[in-house]
Amino acid sequence: MEESPISPDDPRGSSGKEQQAAGVGILLQIMMLVLSFVLGHVLRRHKFYYLPEASASLLIGLIVGGLANISNTETSIRAWFNFHEEFFFLFLLPPIIFQSGFSLSPKPFFSNFGAIVTFAILGTFIAAIVTGILVYLGGLMYLMYRLPFFECLMFGALISATDPVTVLSIFQELGTDVNLYALVFGESVLNDAMAISLYRTMSLVKGHASSGQNIFIVIVRFLETFVGSMSSGVGVGFTSALLFKYAGLDIDNLQNLECCLFVLFPYFSYMLAEGLGLSGIVSILFTGIVMKRYTFSNLSDSSQKFVSAFFHLISSLAETFVFIYMGFDIVMEKHSWSHVGFIFSSIIFIGVARAVNVFSCAYLVNLVRPSHRQIPSKHQKALWYSGLRGAMAFALALQSVHDLPEGHGQIIFTATTAIVVLTVG
């Protein structure tokens, strides 16, 4: 019996084309990753620090995205490069943050914990409110496109997220003072929880209740999120430590099981927090710190070597991919470039808000610290400069396109895109 040819409308033919498009899309992503790692190696070898690896990866994404746009690449292939917030938050971010907590020196982090929490909670709140008010006043004075007050505050919240991915990749290359690194890293990770909480809470209460009640809800919601996330992360970390201590998994024929369980616990911590409506970022950070201190020593020698290498490898891949992914999507997404004044005014207002945040919080921290532990002015300036915006602000801005009406989200997304490119570059 003769088999009939597959017509274009046949679902089998459509499925084959989708599979081919997926193959081409993934191949391009792998090629960009290879190019990015090779270029990063060349830059390091020649000690060329003017172009950090993060910027190089972003640039590769921008160039390939631009070429794809010019060449009218098939939509089915381009779909593989769209920046999905869920993919970023659930798959790319967890290994990066866990590795950061796992490799973090606990002494400088916890000796600066009070200062870190001050910058992350109070500082981010100050930065978000100051940015929102300045953007609103700029609109009233016709310096920039006018947005409603609560939308200005939402923009202030999302743009206050200083990205740990960006900060880590640049600081690790340059090498810095351990206390400064702990301050910058700790603030950038914990302030994400504050920024996300502020943004989500403001989008929920927009247009409801009085402003006093709104601010109170935001503060209470963040404290719930932070304490709950930290508790769940520490709880999962200690559970893993007890399991590895008493389950007797460090014998030769169980090393594969030992490694598999160790790798699964951080993801369990992250997804548990997200499932409970908490911050997976804060949870997995504290899981990493606890697992390094209490669980790691209960592993066999070969498993210790494997998990250290594995998390370093997967975080490097995820970190590089984030910047490529973001660069490609910046070119592919629709932007609203008609409000250039909004972009330039926002950049100035963000710098002012970051200065108010850093110098006021540093002043408060120095009031209660002894003279030998004061935050020096050069560290304060470094904290101000290190307020880099990256994938976190980009992902929240992309979400605002769906959350805000009348093209307002598009304006915010375009401004955020420009700020990310300028700060990372």
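Scanning region 355-392 for residues that are among the polar types (S, T, N, Q) and within 26 Å of Pro52 (Cβ to Cβ) gives Asn357, Ser377, Gln380, Ser386.
Only one entry in Thr239, Thr295 is open to solvent by 30 Å² or more (accessible area, probe 1.4 Å) and either at pLDDT 85 or above or in a helix (DSSP H, G or I) (or both), namely Thr239. Select from region 103-118 the residues that are of a type in the set (Phe, Trp, Tyr) and open to solvent by 10 Å² or more (accessible area, probe 1.4 Å) and list them in ascending order. Result: Phe110, Phe113. Are any of the residues in region 203-212 open to solvent by 20 Å² or more (accessible area, probe 1.4 Å), within 30 Å of Gly40 (Cα to Cα), of a type in the set (Gly, Ala, Ser) and at pLDDT below 75? Among the residues of region 203-212, not one is open to solvent by 20 Å² or more (accessible area, probe 1.4 Å), within 30 Å of Gly40 (Cα to Cα), of a type in the set (Gly, Ala, Ser) and at pLDDT below 75, which makes the answer no.
How many residues are in a helix (DSSP H, G or I) and free of Cβ contacts under 8 Å to residues at least 60 places away in the same chain if we restrict to region 369-384? So the answer is 8.
Exactly one residue out of Arg389, Arg354 is in contact with a Gly (Cβ under 6 Å, 6 or more places away or on another chain), under 17 Å from Ser160 (Cβ atoms) and either surrounded by fewer than 14 Cβ atoms within 10 Å (Cβ to Cβ) or of a type in the set (Lys, Arg) (or both): that is Arg354.
So, of the residues in region 149-202 that are part of a loop (DSSP other than H, G, I, E, B) and among the β-branched types (Val, Ile, Thr), which turns out to be modelled with the highest pLDDT? Among those residues, the one meeting the criterion is Thr162.
The values are calculated or read from the model by the stated rules, or taken from the named source; none is laboratory data. These figures come from a predicted structure and were not determined experimentally. Cβ sites come from the backbone with ideal geometry, for glycine too, and all protein chains shown count toward neighbours. Heavy atoms of the whole protein, side chains included, go into the accessibility calculation; ligands, DNA and RNA do not. Shrake-Rupley method; radii C 1.70, N 1.55, O 1.52, S 1.80 Å.
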